[in-house]
Amino acid sequence: MSPTSVFAKNNTALITGGASGIGLAVAALCRKHGMKVAIADFNGEYLSKAKGALADGDGEVETFQVDVSREGEWRGLKEKVEGRFGGGIDFLMLNAGVGGTGSWGDGEYFKKIFDTNLYGVINGLNTFVPLKQDKQTAIVITGSKQGITNPPGNPAYNASKAAVKTLAEHLSYDLKDTKTSVHLLVPGWTFTGLTGGHPGSSKEKPAGAWAPEQLADYLYKKMDAGKFYVICPDNDVTEEMDKKRMLWTTGDIVKERPPLTRWREEYKEEAEKWMAEQDV
C-alpha cells in the first residue's frame with residue numbers, strides 16, 4: 001500500500017509549524033484529500049490566518065498554540081487533538097523550525113535553534129511513536145540541505161538539521177516492519193517565513209525559489225513512490241547538482257580532505273572540475 005493512502009477522508013493530520021510556509025501548504029494538501037487537520041504553531045497571528053484559509057465551515061480544522069521545544073506541551077497537545085477529532089494521528093509532520101545567526105560563545109543562539117529544530121522533533125516523536133498503530137500511518141520530518149552539505153556560516157542550524165536527519169534515518173529503520181512509513185523532507189530554496197514569505201508579506205517570490213505548494217506536491221509524489229529521502233530541487237538547483245554536492249561533501253571524509261572543502265579556496269578549482277565531470 002502506498003504511503004499516500006494516509007491522505008484519505010476522515011483521517012487526521014497533525015502538522016507543527018503548520019501556520020505558514022511549507023507546513024501550511026501541506027495542510028492544504030491534506031484538506032484537499034478530505035482530512036481533518038490539526039495545526040500546531042507558536043505564532044498566534046499566523047494560526048488565526050491559517051484557520052481562516054483552510055476552514056470551509058465543516059469544522060475539520062483546528063489550531064493549537066504550542067511551543068514544540070517544551071515536552072510538557074506535547075502531552076497536552078496530544079490529548080487536545082485526540083479529544084477534538086477522536087482516534088489517533090494518521091499523518092504526523094514535524095516541520096516547526098527557526099533560523100537565526102550567531103557563532104561561538106553565543107550560547108543563546110545555539111540553545112534557541114536546538115530547542116526548536118531538534119527537540120521539537122524529539123518531543124514529537126517521543127509523544128507519538130511509542131503508540132501502537134494497527135493502521136497505515138506516515139511521519140514526515142523536515143530537514144535541510146544545510147544538514148547534509150554543511151555550508152559554513154551557521155553551525156547551530158546545520159548541526160540541528162544534521163541531527164534531525166540522523167533521527168529520521170533511525171526511525172525509518174526502527175519502524176521498517178510496521179505500518180508506519182517515515183520520510184525526510186529536505187526542501188530546496190522555498191519562499192517561506194524564513195526567507196521573507198511570511199503571511200501578510202508583500203515581498204515577491206524570488207524567481208529561483210519554489211512556492212510552498214510546489215514542495216507539497218513534490219512531497220506527495222515522492223511519498224507515493226515510497227521514498228524516504230525527499231530531496232527537493234528548486235528553480236536554481238537541479239536534483240543532479242544536489243547529488244554532486246552531497247557526494248563531494250562525503251568525499252571529504254573518504255579522501256581524508258579537510259572539512260568543508262567546497263568552500264576552501266585551495267580546493268575550489270578541483271571541486272568545480274569534479275562536479276562538471278560527474279554524471280549522476
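The values are calculated or read from the model by the stated rules, or taken from the named source; none is laboratory data. Being a predicted model, the structure only gives us computed values, none of them experimental. Note that we place each Cβ from the backbone using ideal geometry, even for glycine, and neighbour counts take in every protein chain shown.
Working only within region 251-271, note down all residues that are under 20 Å from GLY153 (Cβ atoms) and either over 27 Å from the mean Cα position of the chain (by Cα) or part of a helix (DSSP H, G or I) (or both).
Listed by number, the residues that qualify are ASP252, ARG257, PRO258, THR261, ARG262, TRP263, ARG264, GLU265, GLU266, TYR267, LYS268, ALA271.
Taking into account only those residues within region 102-145 that are among the β-branched types (Val, Ile, Thr) and touching a Gly at 6+ places or on another chain (Cβ under 7 Å), which is nearest to LEU215 (Cα to Cα)? Full working, then the answer.
Taking region 102-145 as the starting set, the residues that turn out to be among the β-branched types (Val, Ile, Thr) are 113, 116, 121-122, 127, 129, 137, 139-142.
Applying the additional criterion that residues be touching a Gly at 6+ places or on another chain (Cβ under 7 Å) yields 113, 116, 142.
Working: ILE113: 23, THR116: 22, THR142: 12 Å.
Among them, the one singled out is THR142.
Per-residue answers, yes or no, for (1) part of a helix (DSSP H, G or I); (2) crowded, with 16+ Cβ neighbours inside 10 Å; (3) of a type outside the set (S, T, N, Q); (4) modelled with pLDDT of 95 or more:
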residue: LEU92; (1), (2), (3), (4): no, yes, yes, yes
residue: ALA96; (1), (2), (3), (4): no, yes, yes, yes
residue: THR101; (1), (2), (3), (4): no, no, no, no
residue: TRP104; (1), (2), (3), (4): no, no, yes, yes
residue: LYS112; (1), (2), (3), (4): yes, yes, yes, yes
residue: ASN126; (1), (2), (3), (4): yes, no, no, yes
residue: LEU131; (1), (2), (3), (4): no, no, yes, no
residue: LYS161; (1), (2), (3), (4): yes, yes, yes, yes
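Only residues that are over 12 Å from the mean Cα position of the chain (by Cα) and part of a strand (DSSP E or B): list them for region 135-159, please.
THR137, ALA138
For region 4-48, give me each residue that is small (Gly, Ala, Ser) and under 24 Å from TYR119 (Cβ atoms).
Matches in region 4-48: ALA13, GLY17, GLY18, ALA19, SER20, GLY21, GLY23, ALA27, ALA38, ALA40, GLY44.
Taking LYS111 as meeting all but one of (1) farther than 25 Å from LEU184 by Cα; (2) free of Cβ contacts under 8 Å to residues at least 24 places away in the same chain, write down the number of the exception.
(1)
Here's the yes/no breakdown for (1) of a type in the set (A, V, I, L, M); (2) in a loop (DSSP other than H, G, I, E, B); (3) in contact (Cβ under 8 Å) with a residue 24 or more places away in the chain:
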position: VAL182; (1), (2), (3): yes, no, yes
position: LYS205; (1), (2), (3): no, yes, no
position: GLU213; (1), (2), (3): no, no, yes
position: LEU247; (1), (2), (3): yes, no, yes
position: MET275; (1), (2), (3): yes, no, yes
